[in-house]
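Novice: Take a look at the following structure, please.
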Amino acid sequence: MTPVNPVKISVHRIPAFDDNYLWLFHGSNSDQAYAVDPGDAAPILQALEDLSLSLAGIIITHHHGDHTGGIKTLLSHENVPVYGPVSDKIPQVTHPLTDGDILSLSPGMEFRVLEVPGHTLDHIAYFCDSTELAPILFCGDTLFSGGCGRLFEGSPIQMHHSLSRLAELPESTQLYCAHEYTLANLEFAIAVEPDNNDLQTYRNEVINARNNDQSTIPSTLEKEKLINPFLRSHTASLHQVAKQRTGQPPKNDAEVFAVIRTWKDSF
Ligand SMILES: [Zn+2]
């Protein structure tokens with residue numbers, strides 16, 4: 001998609017709870033801001049005030065409370081559209097979205113909706129490449145740096161398919177995940193692939209960043225393909241690991257993914 005009228009998008013990271021990130025974004029020349037996954041209203045309201053922004057809409061990836069808990073309070077302050085998946089678990093959604101829908105927020109600020117079931121069945125992600133900057137993806141709890149969401153509702157096959165779709169996006173895509181889980185994820189990733197040099201380098205960077213209270217999010221798809229075991233089910237390295245875990249060669253990449261995801265659940 002070639003942008004007719006590309007805009008710059010400013011994205012603000014808003015920490016909440018123990019390790020959640022809520023995201024607030026707006027066109028760089030606009031004070032109309034959109035809150036992504038506002039699990040808590042208070043930090044969003046504070047950020048809007050601090051940044052002199054007005055809430056123009058709410059964008060939801062899936063139904064979990066730490067992504068939706070602030071919707072009601074935000075709506076009591078400002079009656080704005082709520083974009084989200086088709087899901088009876090999120091009754092506040094006014095604009096239900098399905099795979100392939102284009103969410104057009106302003107000229108040049110368009111998000112393509114991808115259905116990515118696995119963590120929950122209603123999970124969607126929002127991809128925007130109509131900006132002057134690198135493409136951006138709000139991926140909720142589907143993809144984390146060094147990891148992926150736990151399978152609460154979907155099957156490993158569904159999640160593997162969802163992650164494979166995200167892996168097809170441009171490598172420069174900035175990944176705005178909803179949690180700072182990176183360091184713990186990398187401890188597991190190193191156990192899976194102890195000889196992965198990119199992973200060891202990244203882990204050192206992450207340790208430094210966290211020691212200095214810096215966030216590791218957003219990550220990029222390019223980096224995750226090198227270090228994230230859940231985006232590497234197709235590699236010979238991961239097939240070998242799966243074979244060692246189960247004692248037999250995996251039938252396909254989805255089976256490799258399932259073996260690694262099960263291992264992570266008890267790591
Ligand atoms: Zn979740």
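Just so it is clear, none of the values below were taken in a lab; they were calculated from the coordinates. Predicted model only: the values in this text are computed from it and were never measured. All Cβ positions, even for glycine, are placed from backbone atoms using ideal geometry, and neighbour counts span all protein chains on display.
Novice: How many residues, within region 82-112, are in contact with a Cys (Cβ under 8 Å, 6 or more places away or on another chain) and among the charged types (D, E, K, R)?
Specialist: Matching residues across region 82-112 total 2.
Novice: Now for a different question. I'd like to verify a number: residues in region 137-151 that are outside any strand (DSSP E or B) and of a type outside the set (K, R), how many? Give the derivation first.
Specialist: Start the filter on region 137-151 by keeping residues that are outside any strand (DSSP E or B), which leaves 141-142, 145-146, 149-151.
Those left that are additionally of a type outside the set (K, R): 141-142, 145-146, 149, 151.
Here the count works out to 6.
Novice: Could we say that S54 is over 22 Å from the mean Cα position of the chain (by Cα) and touching a residue at least 12 places away in the same chain (Cβ under 8 Å) here?
Specialist: For S54, the condition - over 22 Å from the mean Cα position of the chain (by Cα) and touching a residue at least 12 places away in the same chain (Cβ under 8 Å) - is met.
Novice: Another one. Given the options L133, L105, L121, L151, name the one that is within 26 Å of V206 (Cα to Cα) and out of contact with any His (no Cβ under 8 Å at 6 or more places or on another chain). Write out each step before concluding.
Specialist: Values: L105 fails: within 26 Å of V206 (Cα to Cα); L121 fails: within 26 Å of V206 (Cα to Cα); L151 fails: out of contact with any His (no Cβ under 8 Å at 6 or more places or on another chain).
Going through L133, L105, L121, L151 in turn, the sole match is L133.
Novice: Another question, if that's okay. Just one of the numbered conditions (1) within 16 Å of the ligand (Cβ to nearest atom); (2) in a loop (DSSP other than H, G, I, E, B) is not true of A134; which one?
Specialist: All conditions are met except number (1).
Novice: While we're here: Any residue at all in region 2-20 that is surrounded by 14 or more Cβ atoms within 10 Å (Cβ to Cβ) and without any contact (Cβ under 8 Å) to a residue 24 or more places away in the chain?
Specialist: Within region 2-20, one or more residues are surrounded by 14 or more Cβ atoms within 10 Å (Cβ to Cβ) and without any contact (Cβ under 8 Å) to a residue 24 or more places away in the chain.
Novice: Now for a different question. Can you tell me which residues in region 32-58 are more than 15 Å from the ligand (Cβ to nearest atom) and either in a strand (DSSP E or B) or of a type in the set (S, T, Y) (or both)?
Specialist: If the condition is that a residue be more than 15 Å from the ligand (Cβ to nearest atom) and either in a strand (DSSP E or B) or of a type in the set (S, T, Y) (or both), then Q32, A33, Y34, A35, S52, S54, L55, A56, G57, I58 are the ones that fit.
Novice: Determine whether region 164-181 contains at least one residue that is acidic (D, E), touching a residue at least 24 places away in the same chain (Cβ under 8 Å) and either in a strand (DSSP E or B) or away from the ligand (no atom under 15 Å from the Cβ) (or both).
Specialist: Taking region 164-181 as the starting set, the residues that turn out to be acidic (D, E) are 168, 171, 180.
Of the ones still in play, those that are also touching a residue at least 24 places away in the same chain (Cβ under 8 Å) are 171, 180.
Imposing the further condition that a residue be either in a strand (DSSP E or B) or away from the ligand (no atom under 15 Å from the Cβ) (or both) reduces the set to 171.
There is at least one residue in region 164-181 that is acidic (D, E), touching a residue at least 24 places away in the same chain (Cβ under 8 Å) and either in a strand (DSSP E or B) or away from the ligand (no atom under 15 Å from the Cβ) (or both).
Novice: Which residues, counting only those in region 87-131, are assigned to a loop (DSSP other than H, G, I, E, B), more than 16 Å from the ligand (Cβ to nearest atom) and among the small types (G, A, S)?
Specialist: If the condition is that a residue be assigned to a loop (DSSP other than H, G, I, E, B), more than 16 Å from the ligand (Cβ to nearest atom) and among the small types (G, A, S), then G100, G108, S130 are the ones that fit.
Novice: Right, here's the next one. Just to check your reading of the model, which residue among S215, S233 is outside any helix (DSSP H, G or I), in contact with a Leu (Cβ under 9 Å, 6 or more places away or on another chain) and touching a residue at least 40 places away in the same chain (Cβ under 8 Å)?
Specialist: Values: S215 fails: in contact with a Leu (Cβ under 9 Å, 6 or more places away or on another chain).
None of the other options fit; the residue is S233.
Novice: Then there's this: Only residues that are among the aliphatic types (A, V, I, L, M) and either within 16 Å of W23 (Cα to Cα) or surrounded by fewer than 24 Cβ atoms within 10 Å (Cβ to Cβ) (or both): list them for region 112-159, please.
Specialist: Passing the criteria: V113, L114, L121, I124, A125, L133, A134, I136, L137, L143, L151, I157.
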